[in-house]
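Contents: one structure, followed by commentary.
The values are calculated or read from the model by the stated rules, or taken from the named source; none is laboratory data. Just so it is clear, the structure is predicted and the values come from calculations on it, not from any experiment. With ideal geometry, Cβ positions are generated from the backbone for all residues, glycine too; neighbour counts draw on all protein chains shown. In case anyone asks, the SASA skips ligands and DNA or RNA and just uses the protein heavy atoms, side chains included. Shrake-Rupley method; radii C 1.70, N 1.55, O 1.52, S 1.80 Å.
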Amino acid sequence: MNVFERYAPFIQDYIYRSGWQALRGVQNAAGQAIFGTDGNVLLTASTASGKTEAAFFPILTLLDEEPSRSVGVLYIAPLKALINDQFGRLADLCEEAGIPVTRWHGDAPQSQKRRLLRRPSGILQITPESLESLMLNKHMEIPSLFGDLRFIVVDEIHSLLRGDRGLQTFCLIERMCRLAGCSPRRIGLSATIGNPEAAGRFLAAGSSRQTVIPRFEGGREVWRLSMEHFYNTEPQADEGRQTVPETPLLEAPTDTAPQAADPGVGYIFEHTRGKKCLIFTNSREECEAVCQNLRQYCEAKHEPDRFLIHHGNLSASYRESAEEEMKDDDSLMSVCATATLELGIDIGRLERAFQIDAPFTVSGFLQRMGRTGRRGSPAEMWFVMREDHPEPRAMMPEMIPWYLIQGIALVQLYIEERFVEPPRTGRLPYSLLYHQTMSTLASCGEMTPGELASRVLTLSCFRRVTQEDYRLLLRHLLEIDHITQTENRGLIVGLAGERIVNNYKFYAVFQENVEYSVRCGPEELGTIVKPPPAGDKIAIAGRVWLVDEVDHKKREVYCTLVKGNIPAYFGDVAGDIHTRILERMYGVLDEQKSYPYLMRHASCRLLDARDTFQKSGMKDRPLVHLGGNMWALFPWLGSYAFLALERFLKIRCGKRLGLKGLNPSRPYYLQFTMKTSEEEFYRITAEEASKDFDPLELVYPKEVPVFEKYDEYVPDELVRKGFALGVLDIEGMKDRVLGWSKIYQQVVSNFRS
């Protein structure tokens with residue numbers, strides 16, 4: 001098939017106007033798959049490879065040839081910013097063909113939404129939360145809106161593969177298709193899929209179609225990568241060394257940070273001058289702190305402020321201002337950001353990305369790296385790893401620079417194996433089960449228990465939930481008045497349930513804190529949690545503010561801009577680190593190879609860490625004696641297997657080992673005291689791991705491990721079951737423990753010989 005000739009004339013004209021010389025590999029492959037099959041399609045290609053156009057050129061051609069009697073294309077994206085960015089690109093593309101494009105999210109104009117409801121057509125762009133709201137509040141409109149829906153495009157699908165939000169998205173797709181009586185094809189887009197077959201199955205779940213995964217030559221990836229390490233106070237790792245490993249610097253360091261200032265932030269300040277950059281952090285708190293520090297450098301150097309900030313707690317005006325500034329190719333501003341700028345927004349001629357400390361996932365690293373290199377230049381990222389000097393009496397595990405080792409492991413895993421985290425399957429999502437039950441009842445009205453179960457339990461993500469589990473949930477919801485029974489023995493939302501369902505925060509299934517809106521005069525700055533009393537200071541939007549008044553009823557904070565530097569707090573953020581990353585971290589410490597992207601300080605700090613690794617005995621065995629009865633255990637397990645190991649040691653092995661004071665530094669190591677020998681530790685743990693035991697035994701007595709947003713409304717019995725069988729990676733933990741006895745036997749054998 002000649003894909004270009006198959007395109008509609010207005011698409012061909014668009015390509016000519018854009019000055020394209022030829023179609024890219026992804027566009028030819030996508031055209032073959034979408035035109036030539038009736039299956040779902042998963043498009044995986046590097047950032048800025050043209051995936052959006054690759055998907056929409058054939059979709060719009062088919063829509064132009066046979067116009068839909070309703071919305072023809074539903075485009076689902078995880079971020080409002082991504083929708084806003086794609087809106088402009090799609091609107092230009094569709095204008096000539098007269099295909100309307102409508103945004104539907106919290107910041108989009110109401111007039112556009114009303115127009116779509118009157119005349120459903122074209123493309124609808126929406127977030128999962130806004131789709132939930134649409135299903136709940138416009139239930140009767142769904143058949144007319146989507147009755148002739150042809151395609152559902154799920155952008156950045158990798159971001160939906162490992163949590164409840166992704167399961168919610170596909171629940172909504174299934175519910176919507178059943179209600180509208182349509183069977184659209186699903187098109188998934190991502191730059192970072194490690195296991196395309198598993199992602200293809202995830203994309204197809206609940207549909208009657210298989211997933212086609214086009215193969216094509218994507219071209220050679222070229223990166224400019226740098227990784228530097230800083231102690232937060234002098235001396236640095238290379239000080240006093242006679243010889244330092246040669247490393248190819250991207251640029252000679254020009255850090256002239258004021259004395260006693262944060263040298264890592266000073267390094268970023270100097271290397272963003274005269275450039276447009278993104279500075280990624282792993283939390284909103286750190287994002288605020290770094291932006292404050294960088295702005296203070298501007299003041300100290302008598303330079304104009306050249307730093308903006310972007311994260312999920314900022315107001316729409318602040319976020320969109322930063323996005324528009326980044327799209328300006330002449331701008332030399334830099335933005336401090338979290339994952340909100342990680343996904344596919346085109347932010348123009350970005351010269352460099354910085355990453356402070358290691359991200360949690362290979363996927364996150366690739367997405368952040370992919371923000372750069374969008375105008376023909378190589379993608380460029382500079383890692384900046386920071387740590388305090390260990391205390392003079394610090395235990396051996398604190399001598400390892402865990403973030404530096406994790407950063408190297410992330411990079412090497414992708415370079416060597418093209419590893420990216422796979423979908424998380426096999427969970428028991430009872431929190432989501434509650435959410436979808438309440439959403440279904442609220443939108444559809446009275447139903448018998450059988451009707452409700454047939455609507456909810458048949459959704460593909462609940463395939464592991466039994467009918468007995470569901471009966472238990474419904475009985476509990478009746479007891480707490482979240483649902484109630486009518487005279488006809490039907491079920492409806494109860495009074496307590498209405499308070500949950502009628503709150504706009506119900507649309508999201510990810511965990512949220514109670515937030516307060518922060519205002520300075522008429523300007524909304526964003527939101528915070530746990531506001532301090534009047535007279536104290538808060539940090540938001542990269543600046544410091546004096547709290548004038550806190551209105552707890554309206555949840556509003558009124559403040560005035562002041563100078564200073566204080567930490568911010570937006571709520572805890574958990575990391576989900578895969579076991580393969582921890583295993584590669586062991587490899588980084590064990591091997592002697594050098595990495596061409598390591599800078600001077602980082603190379604020296606790695607040498608120190610490898611020396612500690614060899615001398616401590618960590619290389620040969622996971623259990624290291626720290627002196628007296630104190631031990632450290634290095635299991636090299638990811639977050640959920642590590643969590644299972646903690647509980648296994650305490651609950652299954654604690655008495656036999658004489659274990660006390662277990663102190664985890666997740667997911668790197670555990671410290672504890674015990675009365676047994678090393679040999680007995682391996683023997684006892686292997687014996688216990690060999691036994692068949694109920695996973696629920698790893699839940700502490702009377703513990704209700706609330707892990708997801710709506711777990712508090714789920715019966716304790718189901719919360720415990722969901723945690724034990726769906727969160728804890730018990731099989732991964734058992735495999736590791738059983739392997740330790742072999743390691744120990746090998747060590748003993750080597751010692752004797």
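Of note:
- A straight chain from S317 to R209 at 0.36 nm per residue would run longer than the Cα-Cα distance by 34.7 nm.
- Close amide H pairs (under 5 Å, H built 1.01 Å from N) link R186 with N40, V41, I152, residues at least 5 positions away or on another chain.
- The figure for S690 is an accessible area of roughly 80 square angstrom, using a 1.4 Å probe on the protein chains alone.
- Only protein atoms count toward the accessible area here, which uses a 1.4 Å probe; on the chain, the carbon and sulfur part of that area reaches 48 percent.
- Tensor-based shape of the stretch 121-242 (alpha-carbon gyration tensor, a/c under 1.5 rounded, otherwise prolate or oblate): prolate
- The base-10 log of I(q)/I(0) for the chain, evaluated at q = 0.05, 0.11 Å⁻¹, reads -0.28, -1.40 [Debye formula, identical scatterers on Cα atoms, solvent excluded].
- Dipole moment magnitude, nearest 20 debye, the stretch 1-99 about Cα centre, only Lys, Arg, Asp, Glu C-beta charged: 340 debye
- Annotation for A22 and K619: the two label points, set 7 Å from Cα along the Cα-Cβ direction, are 5.0 nm apart.
- For the stretch 1-108: rounded, prolate or oblate by the Cα gyration tensor [a/c cutoff 1.5]: rounded
- Rounded if a/c under 1.5, otherwise prolate or oblate - the stretch 613-716, Cα gyration tensor axes: prolate
- Stretchable slack from K553 to Q485, in nm (0.36 nm times residue separation minus alpha-carbon distance): 21.2 nm
- Net dipole in debye of the chain [+1 Lys, Arg Cβ; -1 Asp, Glu Cβ; about Cα centre; nearest 20]: 1220 debye
- For the stretch 345-442, a Kirkwood radius taken over Cα pairs fed into Stokes-Einstein (20 °C, viscosity 1.002 mPa s) yields D = 126 µm²/s.
- Amide H contacts under 5 Å for S70: D148, restricted to partners 5 or more places along the chain or on a different chain, H placed in the peptide plane at 1.01 Å from N.
- Set of aspartates and glutamates with alpha-carbon distance to K615 below 18 Å, sequence-local pairs under 8 removed: E398, D590, E591, E678
- Measuring between their Cα centroids, the stretch 163-201 and the stretch 624-662 lie 39 Å from each other.
- Phi angles across the stretch 194-211 convert, under the Karplus curve 6.51 cos²θ - 1.76 cosθ + 1.60 with θ = phi - 60°, into 3J(HN,Hα) values of x, 10, x, 5, 5, 5, x, 5, 4, 4, 8, 3, x, 9, 9, 10, 7, 9 Hz, Gly and Pro given as x.
- Vicinal HN-Hα couplings computed from phi for the stretch 478-493 (Karplus, 6.51 cos²θ - 1.76 cosθ + 1.60; Hz; Gly/Pro x): 5, 5, 9, 6, 7, 10, 9, 9, 8, 4, 7, 6, x, 10, 9, 5
- Theoretical FRET efficiency, 1/(1+(r/R0)^6), r = Cβ-Cβ of S377 and E270, R0 25 Å, to 0.05: 0.75
- When both bridge partners sit in the chain, DSSP labels roughly 40% of those beta bridges antiparallel.
- Centroid-to-centroid, using Cα positions, the stretch 417-453 and the stretch 530-555 are 37 Å apart.
- Inter-part distance where the stretch 675-753 and the stretch 49-121 are each reduced to a Cα centre, Å: 49 Å
- Accessible area in square angstrom per residue, the chain, 1.4 angstrom probe: 42 Å²
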